[in-house]
Amino acid sequence: MPLRTEQLMLNMGPQHPSTHGVLRLVVTLDGENIVEVQPDIGYLHSSVEKMMEYRTYLMNVALVDRGMDYIAALANEEGYLLAVERLGGIDVPARARWLRTIMLEFQRLSSHLVWLGTWGIDLGATTVFLYCFREREVILDLFEQVTGGRLHHVYFRPGGVYEDLPPGWTDRALAFCDEFPGHLQEYHDLLTGNPIFLARTQGVGVLPKDAAITMGACGPVARASGINFDVRKAFPYEAYGEVEFDIPTFEQGDCFARYLVRMEEMRQSLRIIRQAIEKLPPGEIRSKVQVTVKLPKGEVYARTESPRGDLGVYLVSSGDDMPYRVKIRAPSFSNLYALTEMMRGWKVADVIAILGSVDIVLSDVDR
Amino acid sequence: MLDLATRAWEAVTGLYLGLRVTILALVRPKNTVKYPIEKVNVSPRWHGLLALPIDPETGSDMCIICFQCERVCPDRCIHIEATGRAKDRVLTRFDIEMDKCCYCGLCVEVCPTEAIVFVPHYEASTFNRSNLLYDLDDLRRATPKEPIAHGVVRIGGR
Amino acid sequence: MSWGLVEELQRRFPEIEPFPRPEESHAEGHGPAAPARGHGETKFTHHVPGAWVPAASLLEVCRVVRDEAPFHLDYCSFVSAVDWMADGTFEVVYHLYSMTERHQMLLKVRVPRQSPRTPSVTGIWGGTNWHERETYDLFGIVFEGHPDLRRIMMTEDWHGHPLRKDYVYEEPRWLVDLATQRQREIEGLGLGERA
């Protein structure tokens, strides 16, 4: 008698510890092999785009902080404010631009550390989590001394930043930059040489280059697939045009390549921070902008490189003190769609490894 | 055979490198803070609770009732009422719904007289949601209405 | 440099209408881009080069800008829409980028608010699948030929499309009641009497 087989629908989430938020994956399985993955999102949808239409440009800074990617709040502020400043022709003083660059790179470091730690837990390497959060704590303390907040800063303002650095901050930041490469080596020792880690990541979840472009993948995911694209180089904003850094690109497109891209990005971030602290010019930190600033009629699309990828803000103003329409092009949203392509054909046990390697934040996906 | 030997060698070195890191961590100073017993210091810019400081000269708060903070609040959690006209205006009500507050600091930024400030206090959680509506007295005292947990040594409580 | 690209596109497709350039656009404003709200006299500035495309020739235009030189716009950043309620139109916005040539372009399609329908470009850029679903969900614009046009952010039984300017929150009932109750409580607190 022939064995009757059928496909199995498996529900992962919304409450699943490895989905990094409230994500439901409807996985269709043929035995152990994944036939199709259908992510079901929207559990964290807060309609930030609608809420922003009813708040002034200054109030929205506090809103994008929370409503979007909560791991990298400053990157959201930067994306939004870049759009506001380009549309309004608001001038940002040189010191503020450099300060923003420093803060954004620290934000990238802390965000990548969260990613590395949680992905380590997903793959069974609990120790990495503890080490990553130990270093992240130092970065959050540095943030706290400048902005007053650890996760949600509300530090950038239209036309500059809120406060200048406290005395002695640059020394502490440089001290961190000196000791961090040692910690980065620790992570490499723990993971990069580990045969179990390699077996779970190398060659798993491959996203070819042409598929990455078609599916709209961006950021480290795209760079791991061989797309040499970084908004910081292609459309330099703030002080990125004046610092030297490399864009790590790998051809393999698997989970291990995505890991290597982010590890190398952390090293590049340190390079940028060092240069920025060295070149930090004195002077004004904020140009004069009204609390209820009115932007001229028009539309603008500003792109920034958030830790998760290409964060774009499409802003339409009708001449009021509130935006007429804000479209946030969230990097996680596009990357999560590319995930459906990455997972096809892999085993069910690889779901966690692949999902973790994409580094999605569900608040960013749903907005 | 050679392949097996290479893989075994890689496994051993990988294990050695990883274990060296973890064992070295044993002799490093601890990073953990035993939180409710020990407290961490926050920076002077810390976005903690909001407060209306008392001016020592006049014995009253410094609010000039300009409604700037109420207008700029993204969550609309500040409610101000006043009586009287022009210079005789008196603050009758200054409520902040701390459960809605997002600690963004825009009210502190726009205040022309520094009448509303952040205090470095971070234990604001209560057992009852209604305790999170801070009125004028609470804001002048600038401490939470309820200690965070009973039986915990309160440091600098009221 | 990208503005030249739009001119090139207009040479091939005379029916498209390029955005006025920021420096040389004239004062009378431009179709739906000059909304009734706000100050009517100032002009609408387009900071990104692009063009309005009629819905009928959208697919043809998209195929050309993806495949042919000098466009090679192989990456679609997002698909979204803007609700110009005063003019009775939606503008569907496509942001395109070229990974090889490093230039960008914006395409816009005007659709009437009464029956918002436009062809789907999922066959050209696969990544627009979810973006079009999101636009359908939040604006109610139907993308014809989309393989799987369902709601993505809101629940399946949601009424209305939240990002429309005339959206009123009415379903589900219990949530409306809760919100009204909360609103009443806040009003009871009295929102600052400005004497």
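The values are calculated or read from the model by the stated rules, or taken from the named source; none is laboratory data. In this text, all values refer to a predicted model and were calculated from it rather than measured experimentally. Every residue, glycine among them, receives a Cβ derived from its backbone with ideal geometry; neighbour counts consider all protein chains shown. When the accessible area is computed, the model is the full protein with side chains, heavy atoms only, and any ligands, DNA or RNA have been set aside. Shrake-Rupley method; radii C 1.70, N 1.55, O 1.52, S 1.80 Å.
Take each residue of peptide C:124-133, count the partner chain Cβ atoms within 10 Å of its Cβ, and average: the result is 5. Can you tell me what the convex hull of the Cα atoms of chain A projects to on average, as an area in nm²? Mean projected area of the Cα convex hull: 18.7 nm².
Accessible area per residue for region A:208-367, computed on protein heavy atoms with a 1.4 Å probe, is 28 Å². Model label points for C:Asp157 and A:His188, set 7 angstrom from Cα along the Cα-to-Cβ axis, are 5.6 nm apart.
Quick one: angle between helix A:57-67 and the longest Cα principal axis of chain A, in degrees between 0 and 90, rounded to 10, please. On a 0 to 90 degree scale, this one is about 20. Mean per-residue shielding of peptide A:212-219 is 6, counting Cβ atoms of other chains within 10 Å of each Cβ. When chain A is treated as a Gaussian network with alpha carbon springs shorter than 10 Å, the biggest mean-square fluctuation among A:Pro236, A:Pro296, A:Pro282 belongs to A:Pro282. Taking the longest Cα principal axis of chain A as reference, the axis of helix A:169-187 is set at about 10 degrees.
Rounded to the nearest whole Hz, the Karplus-based 3J(HN,Hα) values (6.51 cos²θ - 1.76 cosθ + 1.60, θ = phi - 60°) of region B:97-113 follow the sequence 7, 5, 6, 8, 4, 10, 6, 7, x, 5, 5, 5, 5, 7, 4, x, 10, with x at glycine and proline.
Every helix of 4 or more DSSP H residues in chain B counts as -39500 (n - 2.57), and over all residues that averages to -7500 deg cm²/dmol at 222 nm. For region A:1-145, the Cα-based Rg and Dmax, in that order, read 20.9, 79 Å. Computed on the Cα trace of region C:32-183, the radius of gyration divided by the Kirkwood hydrodynamic radius gives Rg/Rh = 1.03. Counting Cα-Cα pairs of region A:149-188 in 10 Å increments starting at 0 gives whole-percent bin shares of 23, 33, 32, 12. For region C:93-155, state which trypsin sites (Lys or Arg not before Pro) are in a DSSP loop and have at most 11 other beta carbons lying within 10 Å of their beta carbon. Hits after loop and neighbour filter: C:Arg150. Only DSSP H runs of four or more residues enter the estimate; each adds -39500 (n - 2.57), and after division by the residues of chain A the mean residue ellipticity at 222 nm equals -15000 deg cm²/dmol.
Interface A/C, total buried accessible area with a 1.4 Å probe, nearest 100 Å²? In total, chains A and C hide about 4200 Å² from solvent. Sorted on the mean count of surrounding Cβ atoms within 10 Å across their residues, most packed first, peptides A:321-330, B:113-122 read A:321-330, B:113-122. Taking all protein chains as they are arranged and a probe of 1.4 Å, the heavy atoms of A:Asp141 leave approximately 60 Å² accessible to solvent.
In angstrom, the C-alpha Rg and Dmax of the protein assembly as shown are 26.8, 96.
Round to the nearest 0.05 the FRET efficiency obtained for A:Thr5 and C:Gln114 when R0 = 51 Å and r is the Cβ-Cβ distance. So the FRET efficiency works out to roughly 0.50.
Between A:Ile196 and C:Asp148, what FRET efficiency follows from the Cβ-Cβ distance if R0 is 30 Å, with the result rounded to 0.05? In this case the efficiency is close to 0.20.
State the antiparallel share, in %, of DSSP beta bridges confined to region C:2-154, rounding to the nearest 5. So the antiparallel bridges amount to about 75 percent of the total.
For C:Ala81, the residues whose modelled amide H falls within less than 5 Å of its own, excluding neighbours fewer than 5 places apart on the same chain, are C:Val93.
Annotation for B:Arg85 and A:Lys209: the two label points, set 7 Å from Cα along the Cα-Cβ direction, are 7.8 nm apart. Annotation note: chymotrypsin sites (Phe, Trp or Tyr not before Pro) in region A:1-63 located in DSSP loop regions with a Cβ neighbour count of at most 14 within 10 Å are A:Tyr54.
Legend: mean number of C-beta atoms from other chains within 10 angstrom of residue C-beta atoms, peptide B:64-71, equals 2.
One quarter of the convex hull surface built on the alpha carbon atoms of region A:116-249 amounts to 10.5 nm², the projected area averaged over directions.
Accessible surface comparison of C:Ser80, A:Ser287, probe 1.4 Å, protein chains only, largest first: the order is A:Ser287, C:Ser80. Axis angle, to the nearest 10 degrees, between helix A:126-147 and the longest C-alpha principal axis of chain A: 10 degrees. For the pair C:Arg102 and B:Arg129, a Förster radius of 51 Å applied to the C-beta separation gives a FRET efficiency near 0.45, rounded to the nearest 0.05.
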